[in-house]
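This report refers to the structure that appears directly beneath it.
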Amino acid sequence: MKSKLKTMLGKEMIAIDIGSQSTQLVEGVKFKKGIVVKKAVSFETPKDTYENGHIIDFNKVSNYLDSKLTEHKFKSNLPTVCTLESSNIITREISLPYTKPKDLRRSIEYEVGQYLPVEVNKYVVQYKLIEVFFERDVKKARILIAALPRDIAEDYFNLVNSLHLKPQALDIHSNAINQLFDPKFEINDGIHIQDKTLALLDIGYNQLNVIIVKNGIFKFSRLLNIGIKDIDTNIMDALGINMEEATKRRNLIRDLRDNADATEYGKTIKAAQDAVDSWNEAIQRIFRYYTSRSSENNINMIYIYGGAVHITGLNGYLKAFFNLPTYKIEKVNSVEFKNDPGNISPFLNSIGAIMGR
């Protein structure tokens, strides 16, 4: 009876997503067909405490997160997953003859040393079976290997313990977000993604993650060291102002597609457009690489999320450049919120991390 009741009630968890500019906390209950988000809060990450996956000031981060968990009445002692992205994470994709799970695990452990150019003992290595396929009548497994520096993993483990929570897993953004793009799900009320290849653009302050998902299966990702900071830097240089003031000007942009004339606002628009143009060129190179790998590889639509979605007109600007339908992620039919957070974009990686458990 207890096991049936537990299945009916779902699995309650917390997810933590720390970024260079903002941090997200999500408390949710995972069910077989989706997730109910009970709490979702976002706040600024304390300055100079976190960079590219590294917790620089452990005590300050721990104390601040503890205060936020208490303030918003998150439950204690819940299983907790942390999700992050970092250029320090090494990912590789390999294909091996498919065997029993036990034998496949041994084969992967043997291959890790061949595929990862690092001292394996300094990394936490995880792998995921992405798909099983046939090649010339031979059954094969496509596997994603991810290696995270051990010191980063240990810091997250200690952080979760310091918050009186139970460490459950450490996930990367590209894997977490993929959980929300099951082909059975609908995005933004009525947009079906079955049999479609999607480019997911997670645009943060310092980094932009390009993730390709085909019919719900992860295919490819690249993390670029570009992001919203490029817009602020361009505005700062164009107007001769400091970075803080440049951020304020960015937030005043009415539409990225506005006319870039000689006025101060026009100069702000031109600076922002130039930054986004440089993003587009970098993204285009990744798209071309992916489509060149096979004649069957194409991209049907683009979804954007992350900190940049508040820039009005960004999706239209990208659509004009790539000539592809481009949408902000505004709703996923497998995700129900107890309280409407307004913009769901900051919480998608955290929600996906819970969904993947």
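The values are calculated or read from the model by the stated rules, or taken from the named source; none is laboratory data. Everything numeric here is computed off the predicted structure, so don't read it as measured data. With ideal geometry, Cβ positions are generated from the backbone for all residues, glycine too; neighbour counts draw on all protein chains shown.
Data overview
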item	result
Strands (runs of 3 or more DSSP E) lying entirely in the range 300-357 (those with 2 or more residues that are in the same structural domain as Val36 (by TED's automatic domain parsing), of a type in the set (Asp, Glu) and in contact with a Gly (Cβ under 6 Å, 6 or more places away or on another chain))	none
For Tyr265: the one exception among (1) modelled with pLDDT under 95; (2) surrounded by fewer than 18 Cβ atoms within 10 Å (Cβ to Cβ); (3) not hydrophobic (A, V, I, L, M, F, W, C)	(1)
Which listed residue, of Asp155, Asp232, is closer than 18 Å to Ser22 by Cβ, at pLDDT 95 or above and not in a loop (DSSP other than H, G, I, E, B)	Asp232
Qualifying positions in the range 257-271 - in contact with a Gly (Cβ under 8 Å, 6 or more places away or on another chain) and either in a helix (DSSP H, G or I) or touching a residue at least 12 places away in the same chain (Cβ under 8 Å) (or both)	Arg257, Asp258, Ala260
Which listed residue, of Leu256, Leu170, is over 17 Å from Ile311 (Cα atoms), in contact with a helix residue (DSSP H, G or I) (Cβ under 9 Å, 6 or more places away or on another chain) and not small (Gly, Ala, Ser)	Leu170
Test: residue in the range 279-295 that is on the phi > 0 side of the Ramachandran plot and of a type outside the set (A, V, I, L, M)	no
Residues located in the range 224-241, provided they are touching a Ser or Thr at 6+ places or on another chain (Cβ under 8 Å) and surrounded by 21 or more Cβ atoms within 10 Å (Cβ to Cβ)	Asp232, Ile235
Those residues of the range 112-151 which are under 26 Å from Lys214 (Cα atoms) and outside any strand (DSSP E or B), in sequence order	Val112, Tyr115, Leu116, Arg136, Asp137
Those residues of the range 176-222 which are assigned to a strand (DSSP E or B), of a type in the set (Val, Ile, Thr) and within 15 Å of Asn333 (Cα to Cα), in sequence order	Ile187, Ile191
Test result for Lys75, outside any helix (DSSP H, G or I) and surrounded by fewer than 19 Cβ atoms within 10 Å (Cβ to Cβ)	yes
Whichever residue in the range 117-145 is more than 20 Å from His173 (Cβ to Cβ) and hydrophobic (A, V, I, L, M, F, W, C) and, among such residues, is surrounded by the most Cβ atoms within 10 Å (Cβ to Cβ)	Ala141
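Yes/no per residue for (1) farther than 13 Å from Leu348 by Cβ; (2) not aliphatic (A, V, I, L, M):
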residue	(1), (2)
Ser174	no, yes
Asn178	no, yes
Ile187	no, no
Ala199	yes, no
Ile203	no, no
Asn209	no, yes
Ile212	yes, no
